[in-house]
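Report on the following structure.
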Amino acid sequence: MIDALPATGVSAAQVLAELRELRAADLPTHGGRLFAYVYDPAVPGLDELAHAAYALSAHVNGLDPTAFPSLLAMENALVGAAARLLGGTSETVGTVTSGGTESLLLAVKAARDARPELDRPRLVVPSTAHAAFAKAAHYLRVELDVVPVRADLTADPAGMAAAIRYETVLVVASAPSYAHGVIDPVAEIAEAAARLDVRCHVDACFGGWVLPYLRRLGAELPAFDLSVPGVTSISVDLHKYAYAPKGVSVLLHRDQALRLPQYFAYADWPGYTMINPGVSSTRSGGPIAAALAVLRHLGDAGYLDLARETREAVVTLAAAVQATDGVRLYAPTETTVVCLTTDEGVDPFVLADELAARGWHTQPQMAYGKIPPTIHLTVTAAVRPTTPAFASDLADAVAATRARGPVELPADLLATAGALTPSAVTPQLVAGLAAGLGLTDGAVGPMATVNTLLNVAPPPLREALLTGFLSLLQRPPSQGVL
Ligand SMILES: *Cc1c(COP(=O)(O)O)cnc(C)c1O
């Protein structure tokens, strides 16, 4: 248990030693065996450079760019680089944000506030669009129209076009989608939106910094960026395939007029006039300086090399999946995601545990509509050196999974869960369930039973259960760990 406010201060050396001890419980952020959450280029010295740059600007405040012109210059440089990479013109402008969610939130806000006459603005997304759009719709009171994707997991342009109404303020496409790594037909969707004079945002948060390089390496990928007529904005996370430390994304708009309603301005109080392009007012310069340092150090040629290594890793992992009985690719591996599913007799959630036991940390994805449970691997350049060991570990893990058989939920647990409704999920109930499932702290252990339970729960119940569980974890130490 950590006391964040000890009676007297602790030495710097001891504080750092304590932090290192805490970090030891985390999943490995380096080493190419964690296929979600982290993006690692495995470039020697890059971390040190990013940390030094971060430290230089950590106390600089993005609240007022005229007070800290260094930050204004850095942000403009990042936006310029993103615009160059993503089909921008001399008219293109943008905003540096804290992450993909903020970029998407702001794209929706700009679109909503460009149509102030609407009482009930609406947002059209494919069913594979990132959950951050649902969050934006919720925060901003915009109605969400979700259009089912086609059998190949790409957005259905005809369905999207049919969903656009007078109240629609924004239409969305992903390049690529996070869950499956496939690219939506951006040109057709943007054209349908433009015909009706509706904005179109391309969510390239995940792949925006790698797709242009994959294309240069010869991949035949559809056009997806600002060069496509009708695309009015696009987002790209620098803390993903630009390999910057966490906390940086860029939202680009085709021109200044499109960006203007994104700003929040307020002069009607006794303090300073607040003009914010994004959600936060006070913002650290640290992540921005670190991102700039990483971009400049790697350079265009560096990103091309990293994209090549990433693709090599994807191809090797995909071949391993195809060569292993009991698992198969669920989505085409056209970008940097390997998404697999399992055959009868191989429980996907047990398989994820068996892979984790062998040091491969993947991301299980629950069933959705006709889509079965899948296992997601975000592949980054650091994965390439580890790939030769994957095939045999995957074969072993599948064999062990078969031997264990599918998860059988205890009858009493099933009965309890079957009768549950979201409103019945109280903190007491969640605490009881968590104790029964042996979830005694936040550390990741075997999750097959929990995932099986969550997988059969309808989405609203799953949301309530996981919210309750996080709420249980997110309490100060004085209230006791679980
Ligand atoms: C990661 C991601 C987001 C959300 O970004 P955060 O940085 O996690 O807030 C949005 N869209 C896509 C496609 C993503 O992969």
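Some values worked out for this structure:
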{"quantity": "For the range 1-142: rounded, prolate or oblate by the Cα gyration tensor [a/c cutoff 1.5]", "calculated": "prolate"}
{"quantity": "Kyte-Doolittle mean at least 0.5 and Cα axial length at least 30 Å: DSSP H helices in the chain", "calculated": "286-323"}
{"quantity": "Isotropic mean projected area of the C-alpha convex hull, the range 273-312 (nm²)", "calculated": "4.3"}
{"quantity": "Relative exposure of TRP360, TRP269, TRP209, judged by other C-beta atoms within 10 Å (fewest first)", "calculated": "TRP269, TRP360, TRP209"}
{"quantity": "Ranked ILE189, ILE234, criterion: other C-beta atoms within 10 Å, fewest first", "calculated": "ILE189, ILE234"}
{"quantity": "Debye, to nearest 20: dipole size of the range 1-70, +1 on Lys, Arg Cβ, -1 on Asp, Glu Cβ", "calculated": "100"}
{"quantity": "All lysines inside 27 Å of LYS246 as judged from Cα atoms, apart from same-chain residues fewer than 8 positions distant", "calculated": "LYS109, LYS135"}
{"quantity": "Rg/Rh (Cα only; Kirkwood hydrodynamic radius) as it applies to the range 254-320", "calculated": "1.25"}
{"quantity": "Quotient of C-alpha Rg and 2.2 N^0.38 Å, computed over the range 358-482", "calculated": "1.24"}
{"quantity": "Prolate/oblate/rounded call for the range 103-181, Cα gyration tensor, a/c under 1.5 rounded", "calculated": "oblate"}
{"quantity": "By average C-beta atoms within 10 angstrom, highest first, the peptides 173-179, 298-304, 375-381", "calculated": "173-179, 375-381, 298-304"}
{"quantity": "Two-decimal Rg/Rh across the range 174-257, once Rg and the Kirkwood Rh are taken from alpha-carbon atoms", "calculated": "0.98"}
{"quantity": "Cα-based convex hull volume of the chain per residue, rounded to whole Å³", "calculated": "177"}
{"quantity": "Burial order of peptide ranges 427-439, 50-62 (average beta-carbon count within 10 Å, highest first)", "calculated": "50-62, 427-439"}
{"quantity": "Label zone at THR416, where the point sits 7 Å out along the Cα-to-Cβ direction: the range 454-473 residues whose backbone N lies under 11 Å", "calculated": "none"}
{"quantity": "Span from the the range 393-446 Cα centroid across to the the range 133-189 one, whole angstrom", "calculated": "33"}
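Just so you know, all these numbers are worked out from the coordinates, no wet-lab data involved. Treat the numbers as computed from the prediction; the structure is a model and nothing was measured. Glycine gets a Cβ as well: all are built from the backbone with ideal geometry, and neighbour counts include every protein chain shown.
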